[in-house]
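Notes for the one structure printed next.
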Amino acid sequence: MAFDIDGLYRTTYDSVVRFLYRKVWDADRAEDLAQEVFMRALAHEPEKPRSWVFAVAANIARDEARSAIRKRKHLVLMTHEPMVAPSPNDDVAETMDHAEQEAEVKRALEMLSPRDRDVLLLWDAGLSYPEIAEQTHLALGAVGTTLARARKRLVEAHDSMEADRGEQRRTTARS
Amino acid sequence: MANSAARPHVPEEELHAYCDGELSPAQRVEIAEHLLGCLICRSQHAMVEAVRLRSASLLAIAVPAQIRRGKVPAPPVVAPRRRWFGIAVGTAAALIGAVVWSQLAPSSAGPSGAQLANTLGVSNLFGLRPTTVDSAAGNRSRQLEMMTRTIVPPQMKSLADFARVSSAQTAVIPAEVDPVFTSDWTPAAYEDAIKVGNGSLARVDGVPVANVRIHPSAIGGRPTFMVRQQLPDGRTVWVFEGLEPDIAPVNQVLLASGITISMVTRTHPEYVGAGVDARISTRMVTVVGYLSVDSLNALVSRLTLR
Ligand SMILES: [Zn+2]
């Protein structure tokens with residue numbers, strides 16, 4: 001059967017970008033890397049395209065993290081016209097709230113061990129337990145345990161941040 | 001009760017697998033039966049389900065805006081062109097364009113829709129992304145290209161200017177005062193400032209402008225603008241826009257003051273001056289305020305030049 005890049009792309013593009021985004025935390029970079037992943041898929045025509053795509057995405061993200069030691073800043077090259085047409089329904093306060101919420105999720109994810117985080121992100125990307133096991137070299141039986149722990153830790157880490165913030169607010173209000 | 005006695009309680013990870021639909025039919029039945037008869041496991045099951053949903057909803061926050069809005073670019077089609085010589089690539093691209101458009105377009109897709117989708121498809125051939133496609137106003141579609149560069153260090157040329165500014169402005173700036181002292185910055189009405197800026201001035205879209213201050217360029221080019229804007233919650237942000245050599249010292253002052261500065265956005269290089277004196281410069285834009293850098297960066301994505 002011919003390798004169906006369009007089908008693969010349609011069904012996994014979003015997940016691959018999400019997966020990469022949670023590793024590099026830059027939307028444009030995540031999209032660039034996702035394009036790279038699918039370009040490689042075209043060249044390789046992998047047998048198990050879904051698992052393959054996420055394995056490559058994980059590798060690319062790892063390389064990216066290493067090279068990020070250079071500490072680049074992303075700068076947007078604008079045209080002379082308006083830089084960005086904001087989504088008309090998108091409220092400013094909402095945009096900002098979202099950025100702050102996302103920063104909290106990012107910090108919570110960073111509190112997980114790399115393995116727990118990977119399993120969680122792979123599950124969220126739509127991989128099955130056997131696919132996750134294959135990719136992370138965990139025993140199939142360990143996937144559930146790891147995922148259970150990862151979910152709990154993510155929620156706990158996030159809740160503890162929320163609690164801290166509430167405490168800070170009270171302190172500020174008192175002083 | 002007989003069930004729960006016949007079998008130990010369901011381990012937590014197995015409940016996760018059960019909720020995730022990752023068990024064999026036989027295992028599923030076994031657990032479902034146990035849950036029917038065991039209050040302890042039923043409550044544990046409810047907790048597992050809650051953690052699953054909470055973690056999924058937390059992860060759902062960490063999704064790029066493009067994906068949140070359901071904007072998926074066309075798949076890479078460069079390689080197939082090279083490999084599949086016989087295929088009518090134009091048709092393939094048009095088809096992909098149509099698919100993308102159907103995902104993008106709200107029900108109000110106008111006649112410009114197909115055109116827009118094509119732009120999107122074609123731009124992706126070369127790895128360019130239109131960061132935003134405003135389907136409500138098709139003519140506003142445009143491409144933004146990412147550049148990786150470090151922030152430009154302060155230019156020697158304008159250090160004198162910097163010294164002048166910083167000597168008066170090293171103290172920490174109170175939250176309610178404009179971050180750059182006012183003496184060298186001329187207040188201007190917004191409409192006048194736009195005229196000074198030749199019809200183009202950076203600001204955060206959708207946020208009212210409180211006032212504008214203008215500072216002459218140290219290199220005789222376009223002045224530096226400080227647009228003060230009031231957010232819906234009453235907080236203030238300042239958008240600084242100026243030529244590279246002019247904005248760098250301003251950023252130094254701001255950094256020293258402890259106020260937060262967003263990532264730097266820059267325009268295409270443009271000509272400053274005329275004739276033999278013409279030289280190329282780049283406008284740099286930052287959003288500044290007593291907010292988290294994440295919030296400020298979110299506002300950068302809403303910057304508009306008008
Ligand atoms: Zn039980």
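The values are calculated or read from the model by the stated rules, or taken from the named source; none is laboratory data. All figures in this text were calculated on a predicted structure; none of them were measured in a lab. Here the Cβ is made from the backbone with ideal geometry for all residues, glycine too, and neighbour counts use every protein chain on show. Please note that ligands, DNA and RNA were not included when accessible areas were found on the heavy atoms of the full protein model with its side chains. Shrake-Rupley method; radii C 1.70, N 1.55, O 1.52, S 1.80 Å.
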Expressed as a whole number, the average count of other chain Cβ atoms within 10 Å around the Cβ atoms of A:146-152 is 6
Taking only protein heavy atoms into account and a 1.4 Å probe, give the accessible area per residue of region B:2-61 in Å².
-> 53
Yeah, region A:111-175 with a ≥ b ≥ c from its alpha-carbon gyration tensor (a/c under 1.5 is rounded, else prolate when a/b outruns b/c, oblate otherwise) is prolate
Estimated FRET transfer efficiency when R0 is 45 angstrom, pair B:ILE40-A:THR11 (beta carbons, to 0.05) = 0.70
Taking 7 Å along the Cα-to-C-beta vector as the label spot, tell me the B:VAL29-A:TRP25 distance in nanometres, rounded to one decimal.
-> 4.9
To the nearest whole number, what is the average tally of beta carbon atoms from other chains within 10 Å of the beta carbons of peptide A:153-165?
-> 2
Within the set of other residues whose C-beta is less than 9 Å from the C-beta of A:ALA30, count the net charge using Lys and Arg as +1 and Asp and Glu as -1.
-> 0
For region A:1-57, what class follows from the C-alpha gyration tensor (a ≥ b ≥ c being the square roots of its eigenvalues): rounded when a/c is under 1.5, otherwise prolate if a/b is larger than b/c, else oblate?
-> prolate
Report B:HIS9's accessible area, 1.4 Å probe, all protein chains in place, as a number in Å² to the nearest 10.
-> 90
Going highest first, how would you order B:22-28, A:104-110 by mean Cβ packing within 10 Å?
-> A:104-110, B:22-28
For B:CYS19, B:CYS38, what's the largest-to-smallest order of accessible area, 1.4 Å probe?
-> B:CYS19, B:CYS38
Non-local amide H neighbours of B:THR282 (under 5 Å, H modeled in plane, Pro and chain starts lacking H): which ones?
-> B:GLU244, B:GLU270
Residues B:SER292 and A:GLU156, FRET efficiency given R0 of 25 Å [Cβ-Cβ distance, rounded to 0.05] = 0.65
What does the average come to when, for each residue of peptide A:40-48, you count the partner chain Cβ atoms lying within 10 Å of its Cβ?
-> 2
Between B and A, accessible area buried - total, square angstrom, nearest 100, 1.4 angstrom probe | 7100
Computed FRET efficiency, Cβ-Cβ of A:PHE3 and A:ASN59, R0 22 Å: what is it to the nearest 0.05?
-> 0.65
Each label sits 7 Å from Cα toward the beta-carbon; between A:GLU47 and B:TYR190 the label points are separated, in nm, by 6.3
